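A.B. asks: Below is one structure. I have some questions about it.
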Amino acid sequence: SDLVIAYRGNQRWVQAFEAVRLDKLAEPPKRLRRNGVYLITGGLGGIGLTLAEYFAQTVQAKLVLLGRSGLPPKQKWEEWLSTHDADNPISIRIKKVQNLEELGAEVLIIKADVANETQMQEALRQTEEQFGQINGVLHAAASLGEEMLRTIQEVDYTECELQFKPKVYGLYTLEKVLQGKELDYCLLISSVGAVLGGVAVAAYTAANIFVDAFAHKQNQFSNGVNWCSANWFHFENVNSLSKSLLSTVQGSQEQIEIQKQIEIEVEVFQQETVDVFERILSNSLVPQMIIWRSDITAEIDKWIKRKPQQVEKEARSQAQTYSAYTRPNLKTSYVAPESEVECRIAKRYQELLGTEKVGVHDNFFALGGNSLIGTQLISKLRQDFQIELPLRFLFEAPTVAELALAIEKILIGELEELTEEEAQELVLNTSRQ
């Protein structure tokens, strides 16, 4: 039942995790230098900007925010802000960088691919020319988004490369360009998915497993530089799920309520991110730290070590409980499904989400769905309709009516390619199910 083992000579080693509480200090961590120089890859992303703000508030750092997209030239920021909406992604980033400067930080924005050695060498040259020696590195580069959610069958070479580029090839590049640099630390942002598994994110999970292994390896040969992989407790794809929710409630009171809830979740996550980061730097750095609110071994037992009989037992127990649930209080009015496709989809929603009545305009995520349940749903719908149905369709068409329309289009396309005899046989088989 041991998941990770290694044999070294006559010794058998088993991977285990020890729970440690990291105490918070009253003062900023000593590893943070006042006016220190810190390079953050993925610096314009969520975690990157959150930690950059912490650096600015505590030590008025010199910050290098590196990313593939970059920002418009600084002299054009005001023009950009005056000609674009406040919720434009670039506008949001510009305002956040301006806030960093107001807090006392000096900020250098560099557009570069962390996996490109030439671009990274040039980024380090610019950094040292403007700010001097780099004191620490935060590797937060990642490829996130709705499109990353795929079942294992859907994962292909392109998806693997998309995930491996920032986290695998990017680390090899960092190792090369940072060689000989006297760094206080190099903190790598990983995910708990590397420990607990990642439903619908196999390539992303594999990339994070590499990050953890890389940190362990580097600490054996890094000549004094502390490399630490922090398996972060990302709340599940908030941006992806929120887009799916908001797309179906535009201009309604529900949209306002959902937006407020998203803002609260983001704020809580940012506060927890800063708190965890501060605790990590305040204590002895080890090659790997798993950030979790409770006992991680219990979660491993729950998600990784489950036996088939246990899974089946839980499924039966859930199915018995589902019938007791009534329809939740949704803003969408109940409209009963009519077509055969709608009825089958609604039935699957009911089974997996535990809702007594599901209408055609009810949103899967508003009913309490997530990517884990979504993966199960898509698997069952593939069996029901005998079609190839990508997981991303659920995010693009989260209501029963939208998903039914998408499935009907696939079915029509397949029917057009069948002979008359094959079409009749398919209709007979479908009617028997």
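The values are calculated or read from the model by the stated rules, or taken from the named source; none is laboratory data. Please read all numbers here as calculations on a predicted model, not as lab measurements. In this analysis, Cβ positions are derived from the backbone assuming ideal geometry, glycine residues included, and neighbour counts consider all displayed protein chains.
A.B. asks: Just to be sure before I move on: is D87 modelled with pLDDT under 95 and out of contact with any helix residue (DSSP H, G or I) (no Cβ under 8 Å at 6 or more places or on another chain) in the structure I sent?
C.D. replies: Criteria met by D87.
A.B. asks: Being out of contact with any Leu (no Cβ under 7 Å at 6 or more places or on another chain) and at pLDDT below 85 narrows it down to one of S333, S379, S371, so name that one.
C.D. replies: Every option except S333 fails the conditions.
A.B. asks: For segment 116-145, which positions are assigned to a loop (DSSP other than H, G, I, E, B), crowded, with 16+ Cβ neighbours inside 10 Å and in contact with a strand residue (DSSP E or B) (Cβ under 7 Å, 6 or more places away or on another chain)?
C.D. replies: Result: F131, I134, N135, A140, A141.
A.B. asks: Moving to a separate point now. Looking at this structure, is K165 in contact with a Ser or Thr (Cβ under 9 Å, 6 or more places away or on another chain), under 13 Å from N116 (Cα atoms) and surrounded by fewer than 21 Cβ atoms within 10 Å (Cβ to Cβ)?
C.D. replies: In short, yes.
A.B. asks: While we're looking at this one, here's another question. Looking at segment 73-90, which of its residues are in a loop (DSSP other than H, G, I, E, B) and under 17 Å from L49 (Cα atoms)?
C.D. replies: Answer for segment 73-90, where residues must be in a loop (DSSP other than H, G, I, E, B) and under 17 Å from L49 (Cα atoms): D87, N88.
A.B. asks: Take segment 90-115 and flag every residue that is in contact with a Pro (Cβ under 9 Å, 6 or more places away or on another chain) and surrounded by 18 or more Cβ atoms within 10 Å (Cβ to Cβ).
C.D. replies: I94, D113, V114, A115
A.B. asks: Cβ-Cβ under 7 Å, sequence separation 6+ or interchain: first residue in segment 201-226 and farther than 15 Å from L188 by Cβ, partner of a type in the set (S, T, N, Q). Which pairs?
C.D. replies: The qualifying pairs are A203/Q163.
A.B. asks: Next question. Scan segment 192-216 for residues that are crowded, with 22+ Cβ neighbours inside 10 Å, outside any helix (DSSP H, G or I) and out of contact with any Ser or Thr (no Cβ under 7 Å at 6 or more places or on another chain) and jot them down.
C.D. replies: V201
A.B. asks: Has segment 151-167 got at least one residue that is closer than 24 Å to N231 by Cβ, touching a helix residue (DSSP H, G or I) at 6+ places or on another chain (Cβ under 7 Å) and in contact (Cβ under 8 Å) with a residue 60 or more places away in the chain?
C.D. replies: Scanning segment 151-167 turns up at least one residue that is closer than 24 Å to N231 by Cβ, touching a helix residue (DSSP H, G or I) at 6+ places or on another chain (Cβ under 7 Å) and in contact (Cβ under 8 Å) with a residue 60 or more places away in the chain.
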